[in-house]
Amino acid sequence: MHKNLFLFSLFLYTCSLFSKIVIDPGEIFAIKVDDCPNIQTQRELFVAFEGNKYVILPAPFTNDELIINNYCLPIKVNKKKFGESRITIEDTSMVDLNKSDSERAFKESQLIKQSLNTYSKDLQPSLHFISPVNGVISSRYGKQRYINEKPRSPHLALDIAAIEGTPIIAPSSGRVILIGDFFYSGNYLILDHGNGLLSSYSHMSKVFVGKDEIVEQGHVIGEVGSTGRVTGPHLHWSVYLSKKRINPESLIKENYLESLFDRF
């Protein structure tokens, strides 16, 4: 091989080795399966785009820069400041739990965790989401939460404030896998969208669907309320991919799925 051609080929090969995906915490990214064949045995959410097959993966939430080397190219998760969210709850029994409430909350958290481990393969998920409620965003994903001036876990959901009774719709088709009246979440349900993509809805005043019911995108599943631990009526909306909480607000951006393939 001609020396210059060899050096050029080596340059391209080296660039491909050290190329990486750079992403914010809580966002999702795509890897072309042809570029990383072994990934098919590791993850379950795949989409086809312009004749190619991609695996869709979540970037975990992190407060510091993170490099993930589990795939065929490094994934850099940026360090990002999401800001703070401070709320005051007058009923301190909802903040500093007694033994009975603490035991109840723990049992409910285990039930929710078990449901979120669901990986149904009979549903084909779509990442073309629509907003579940018509309202005003009152707290975004990633904010450091303070309750009564005490630091709590980051807010890994999207809060949408709306008038009590405002309809809540399914942002994408799915199956209802859990319904309950929980200490923190109030009237609550989880939708399984398939292959590790799930979403949950908290603080509802009413629930209009039943367990195991299949709902289509736009189907009314309940109404906004103020049940559980809240300061006012709103929907607390969480989305999970491969057991990680991702940013729901990104999913309702126009052409969001297509934007994942821009680097290709």
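Overview of values
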{"read-out": "Residue list for the stretch 110-156, filter: small (Gly, Ala, Ser) and touching a residue at least 40 places away in the same chain (Cβ under 8 Å)", "value": "SER115, SER120, SER126, SER131, GLY135, SER138, SER139, GLY142"}
{"read-out": "Candidate set: the stretch 100-110, residues that are open to solvent by 70 Å² or more (accessible area, probe 1.4 Å) and of a type outside the set (Asp, Glu); chosen: the one nearest to SER242 (Cα to Cα)", "value": "GLN110"}
{"read-out": "Any hit, the stretch 73-81, residues being without any contact (Cβ under 8 Å) to a residue 60 or more places away in the chain and either under 24 Å from ALA161 (Cβ atoms) or in contact with a helix residue (DSSP H, G or I) (Cβ under 6 Å, 6 or more places away or on another chain) (or both)", "value": "yes"}
{"read-out": "Hits in the stretch 157-173 (condition: touching an Asp or Glu at 6+ places or on another chain (Cβ under 8 Å), free of Cβ contacts under 8 Å to residues at least 60 places away in the same chain and hydrophobic (A, V, I, L, M, F, W, C))", "value": "ALA170"}
{"read-out": "Among (1) at negative phi; (2) modelled with pLDDT of 95 or more, the one test that HIS203 misses", "value": "(1)"}
{"read-out": "Subset of the stretch 185-221 (residues that are touching an Asp or Glu at 6+ places or on another chain (Cβ under 7 Å) and not in a loop (DSSP other than H, G, I, E, B))", "value": "ASN187, LEU198, MET204, LYS206"}
{"read-out": "Residue match in the stretch 59-76 (condition: closer than 30 Å to HIS219 by Cα and in contact with an Asp or Glu (Cβ under 9 Å, 6 or more places away or on another chain))", "value": "yes"}
{"read-out": "Which listed residue is at pLDDT 95 or above, surrounded by fewer than 20 Cβ atoms within 10 Å (Cβ to Cβ) and of a type outside the set (A, V, I, L, M, F, W, C), from ASP192, ASP159, ASP122, ASP181", "value": "ASP181"}
{"read-out": "Restricting the stretch 61-88 to residues that are charged (D, E, K, R) and assigned to a loop (DSSP other than H, G, I, E, B), the residue that is farthest from ASP34 (Cα to Cα)", "value": "LYS81"}
{"read-out": "Pair list, Cβ < 8 Å and 6+ apart or interchain, from the stretch 46-64 residues that are more than 12 Å from PHE261 (Cα to Cα) to residues that are surrounded by 14 or more Cβ atoms within 10 Å (Cβ to Cβ) and among the hydroxyl-bearing types (Ser, Thr, Tyr)", "value": "PHE46/TYR54; LEU57/TYR71; LEU57/SER242; PRO58/SER242"}
{"read-out": "Positions within the stretch 162-177 being part of a strand (DSSP E or B) and open to solvent by 10 Å² or more (accessible area, probe 1.4 Å), in sequence order", "value": "PRO167, ILE169, ARG175, ILE177"}
{"read-out": "The stretch 244-264, residues that are in a loop (DSSP other than H, G, I, E, B) and open to solvent by 60 Å² or more (accessible area, probe 1.4 Å)", "value": "LYS253, GLU254, ASN255, ASP262, ARG263, PHE264"}
{"read-out": "Residue within the stretch 229-243 that is in contact with a Pro (Cβ under 9 Å, 6 or more places away or on another chain) and either open to solvent by 40 Å² or more (accessible area, probe 1.4 Å) or in a loop (DSSP other than H, G, I, E, B) (or both) present", "value": "yes"}
{"read-out": "Subset of the stretch 129-149 (residues that are surrounded by 16 or more Cβ atoms within 10 Å (Cβ to Cβ) and not in a strand (DSSP E or B))", "value": "PHE129, SER131, PRO132, VAL133, GLY135, ARG140, TYR141, GLY142"}
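The values are calculated or read from the model by the stated rules, or taken from the named source; none is laboratory data. What you see is a predicted model; the values in this text were computed from it and never measured. Cβ: placed from backbone, ideal geometry, glycine included. Neighbour counts: every protein chain shown. Surface areas here come from the heavy atoms of the whole protein model, side chains and all, with no ligands, DNA or RNA. Shrake-Rupley method; radii C 1.70, N 1.55, O 1.52, S 1.80 Å.
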